[in-house]
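Heads up: the structure comes next, in structure tokens.
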């Protein structure tokens, strides 16, 4: 007996909105969260713009204790804790340090690296011969599973508590890992999501690869241009998205509000073969991932109303569209609506899949398609494949039943999840 | 520095780490960091770092192991201050 899996809670910390209400409003309006950062300029970055959520010191204390915040220097863990705790409360659960241990609830909360600023701080001290003075929290802030360890303790989770990591696929993969665990009856509830640090030490490697845009340091809000003819590389972002997945039975038993259903999905790899490399996707594997996700969800490719793409604003956007047209066998007017949240928040790396999934689920719940900004000059290769009407530039209120979200990452890894409106 | 002054300084140092308010309010020479104040054992190293900073001293591993109560901390701080 396979459980149906629904979404009963959402949380988000995004560059253009912190908290579900602010984020939902921002994505409908097409608000950009991309700003200029003097620190990047001082460090001689080519790309000096990025997306960093705005969080006050006061806000932090709503999520972490003064003790947890002592010597705390891990933006990703902060974002993950905020989104995760918000999602948990949104699902109707309380957060209490003395709560009873819940063996039916767990978390798969991904990250790319953890606490890169804390790691830097520790390395400086260590190299000065001061290893004894690192303090007690370097390990928990810099271990890859730092975020799931923090959340597991804050929420008192007694099922699986782990962190997955698969580059820019991480967030979408986490959703599918939690989904599988509930579907197979091993857990009733899984908090799933991902987070990513901000700042130069996480973004520097990408700047060195020249994959981030250097043309918009004076026009940050126009910098992230997925599907545009003038796309010139991605804009780095950061933050976290979180979803509470729950068996339909558990959700109905406790009369929880349901955002949407996770119908299924698929995760695979192109093996860095047949055109796939460490940094470029094997198109056959991408298409197969989408096709398998559709079949695993027991729907037909024609049932998909909207796609939330990976679409980073690099030269690979046209190839991604081509892969969708081939996998779905739909093109032109018959192609679903497609959008890229990255136009507003940049590429939030390990957090991208979860933040973008939160946006996709909000679309289904509230019946809208959020606008793509910065693609007024749609790339010719894209307009040759799909109708421009499918790439909305203003919010569109329309009936949506099924949406697909895909993420692709370094290492030639892919994940595609299918969400359905729940009524 | 008087005994009372030293206890007051130590009290300020341990405050962020304590998990038993009542034991903290009644803090005396006999108070144990872990058993009474319920300080997480991992945080003892942070208490020691803060003591080092406050008194500008360095506490070695052997002394560190002993430093589990207010009394032990006072002895070690006094000893290190005398060596200065």
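The values are calculated or read from the model by the stated rules, or taken from the named source; none is laboratory data. Quantities reported herein were computed from a predicted structural model and do not represent experimental measurements. Note that each Cβ is placed from the backbone with ideal geometry, even for glycine, and that neighbours are counted across all protein chains shown.
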Give me the residue from the stretch B:12-22 that is in a helix (DSSP H, G or I) and either at positive phi or surrounded by 17 or more Cβ atoms within 10 Å (Cβ to Cβ) (or both) and, out of that set, nearest to the other protein chains (Cβ to nearest Cβ). B:17
Going through the stretch A:133-148 one residue at a time, which ones are free of Cβ contacts under 8 Å to residues at least 60 places away in the same chain, surrounded by 17 or more Cβ atoms within 10 Å (Cβ to Cβ) and within 14 Å of chain B (Cβ to nearest Cβ)? A:134, A:136, A:138, A:140
Between B:54, B:83, which is modelled with pLDDT under 95 and either more than 13 Å from every other protein chain (Cβ to nearest Cβ) or surrounded by 17 or more Cβ atoms within 10 Å (Cβ to Cβ) (or both)? B:83
One residue is enough: does the stretch B:23-32 have a residue meeting the conditions closer than 21 Å to residue A:138 by Cα, surrounded by 12 or more Cβ atoms within 10 Å (Cβ to Cβ) and touching a helix residue (DSSP H, G or I) at 6+ places or on another chain (Cβ under 6 Å)? no
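Residues are listed down the side, and each one gets a yes or a no for (1) more than 17 Å from residue A:41 (Cα to Cα); (2) surrounded by fewer than 17 Cβ atoms within 10 Å (Cβ to Cβ); (3) at pLDDT 95 or above:
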residue: A:224; (1), (2), (3): yes, no, yes
residue: A:227; (1), (2), (3): yes, no, yes
residue: A:237; (1), (2), (3): no, no, yes
residue: A:243; (1), (2), (3): yes, no, yes
residue: A:249; (1), (2), (3): yes, yes, yes
residue: A:271; (1), (2), (3): yes, yes, yes
Within the stretch A:231-288, residues free of Cβ contacts under 8 Å to residues at least 24 places away in the same chain and not assigned by TED's automatic domain parsing to the domain that holds residue A:355 come out as A:252, A:253, A:255
Which condition number in (1) under 30 Å from residue A:204 (Cβ atoms); (2) without any contact (Cβ under 8 Å) to a residue 12 or more places away in the chain is the one that residue A:153 fails? (1)
